[in-house]
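Heads up: the structure comes next, in C-alpha coordinates.
The values are calculated or read from the model by the stated rules, or taken from the named source; none is laboratory data. All values reported here derive from a predicted model rather than from experimental measurement. Glycine gets a Cβ as well: all are built from the backbone with ideal geometry, and neighbour counts include every protein chain shown. The accessibility values were calculated without ligands, DNA or RNA, using every heavy atom of the protein model including side chains. Shrake-Rupley method; radii C 1.70, N 1.55, O 1.52, S 1.80 Å.
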Amino acid sequence: MSGHCIEVVVYRVKNAQTAEAARRNVRPHVETFPGFLGWHAMTSADDPLVFTDIVTWRSLAEARAAGERVMSDPACAPFMAEIVEVVSAGHYA
(Lines give C-alpha, C1' and ligand atoms only; values in the text may rest on other atoms or scores of the structure.)
Protein backbone atom coordinates (compact mmCIF):
# COMPACT_ATOMS: atom_id res chain seq x y z
CA MET A 1 0.00 0.00 0.00
CA SER A 2 1.35 3.43 -0.85
CA GLY A 3 0.06 6.91 -0.14
CA HIS A 4 -1.93 8.12 2.81
CA CYS A 5 -3.56 5.74 5.25
CA ILE A 6 -6.91 6.38 6.88
CA GLU A 7 -7.38 4.78 10.28
CA VAL A 8 -10.96 4.35 11.52
CA VAL A 9 -11.55 3.33 15.14
CA VAL A 10 -15.01 2.94 16.69
CA TYR A 11 -15.05 2.46 20.44
CA ARG A 12 -17.26 2.55 23.51
CA VAL A 13 -16.28 4.73 26.48
CA LYS A 14 -17.07 4.70 30.21
CA ASN A 15 -18.29 8.29 30.49
CA ALA A 16 -18.91 10.58 27.52
CA GLN A 17 -17.80 13.83 29.19
CA THR A 18 -14.64 12.41 30.75
CA ALA A 19 -13.72 10.56 27.56
CA GLU A 20 -14.28 13.65 25.41
CA ALA A 21 -11.99 15.68 27.67
CA ALA A 22 -9.33 12.94 27.59
CA ARG A 23 -9.53 12.73 23.79
CA ARG A 24 -9.23 16.50 23.49
CA ASN A 25 -6.24 16.50 25.87
CA VAL A 26 -4.34 13.69 24.11
CA ARG A 27 -4.77 15.09 20.61
CA PRO A 28 -1.88 17.63 20.71
CA HIS A 29 0.43 14.81 21.81
CA VAL A 30 -0.71 12.45 19.04
CA GLU A 31 -0.27 15.25 16.51
CA THR A 32 3.50 15.06 17.20
CA PHE A 33 3.70 11.39 16.14
CA PRO A 34 5.59 10.74 12.89
CA GLY A 35 3.26 10.70 9.89
CA PHE A 36 0.26 12.36 11.57
CA LEU A 37 -1.81 14.37 9.07
CA GLY A 38 -5.24 14.87 10.65
CA TRP A 39 -7.87 13.66 13.11
CA HIS A 40 -11.66 13.84 12.87
CA ALA A 41 -13.26 13.01 16.22
CA MET A 42 -16.95 12.14 16.29
CA THR A 43 -19.60 10.88 18.70
CA SER A 44 -22.49 8.66 17.66
CA ALA A 45 -25.79 10.47 17.15
CA ASP A 46 -27.55 7.39 18.57
CA ASP A 47 -25.33 6.55 21.54
CA PRO A 48 -23.19 9.20 23.28
CA LEU A 49 -20.91 6.47 24.64
CA VAL A 50 -19.79 5.42 21.13
CA PHE A 51 -16.94 7.47 19.68
CA THR A 52 -15.34 7.29 16.25
CA ASP A 53 -11.92 8.64 15.36
CA ILE A 54 -10.81 8.97 11.76
CA VAL A 55 -7.09 9.65 11.69
CA THR A 56 -5.04 10.29 8.56
CA TRP A 57 -1.44 9.11 8.47
CA ARG A 58 1.24 9.52 5.83
CA SER A 59 1.67 5.73 5.57
CA LEU A 60 0.34 2.44 6.88
CA ALA A 61 3.64 1.80 8.68
CA GLU A 62 3.36 5.11 10.55
CA ALA A 63 -0.29 4.41 11.42
CA ARG A 64 0.64 1.03 12.88
CA ALA A 65 3.59 2.48 14.80
CA ALA A 66 1.34 5.20 16.23
CA GLY A 67 -1.20 2.59 17.31
CA GLU A 68 1.45 0.70 19.24
CA ARG A 69 2.76 3.91 20.77
CA VAL A 70 -0.69 5.00 21.95
CA MET A 71 -1.07 1.71 23.80
CA SER A 72 2.14 2.20 25.81
CA ASP A 73 2.75 5.96 25.98
CA PRO A 74 2.07 7.29 29.51
CA ALA A 75 0.77 10.54 28.02
CA CYS A 76 -2.01 8.55 26.33
CA ALA A 77 -2.95 6.55 29.45
CA PRO A 78 -5.82 8.81 30.62
CA PHE A 79 -7.42 8.58 27.18
CA MET A 80 -6.91 4.82 26.92
CA ALA A 81 -8.36 4.33 30.41
CA GLU A 82 -11.69 5.76 29.20
CA ILE A 83 -12.12 3.08 26.52
CA VAL A 84 -14.29 0.14 27.52
CA GLU A 85 -14.34 -1.69 24.18
CA VAL A 86 -13.00 -1.26 20.66
CA VAL A 87 -15.98 -2.02 18.43
CA SER A 88 -13.96 -1.94 15.21
CA ALA A 89 -10.62 -0.69 13.94
CA GLY A 90 -9.09 -0.71 10.50
CA HIS A 91 -6.74 0.95 8.06
CA TYR A 92 -7.84 2.08 4.60
CA ALA A 93 -6.14 3.50 1.53
How many residues of the stretch 22-72 are within 16 Å of residue 93 (Cβ to Cβ) and open to solvent by 90 Å² or more (accessible area, probe 1.4 Å)? The answer is 2
Quick check: anything in the stretch 74-85 touching a residue at least 60 places away in the same chain (Cβ under 8 Å), out of contact with any helix residue (DSSP H, G or I) (no Cβ under 8 Å at 6 or more places or on another chain) and open to solvent by 30 Å² or more (accessible area, probe 1.4 Å)?
yes
Exposed (fewer than 14 other Cβ atoms within 10 Å of the Cβ), modelled with pLDDT of 95 or more and not acidic (Asp, Glu): is that true of residue 92 in this structure?
yes
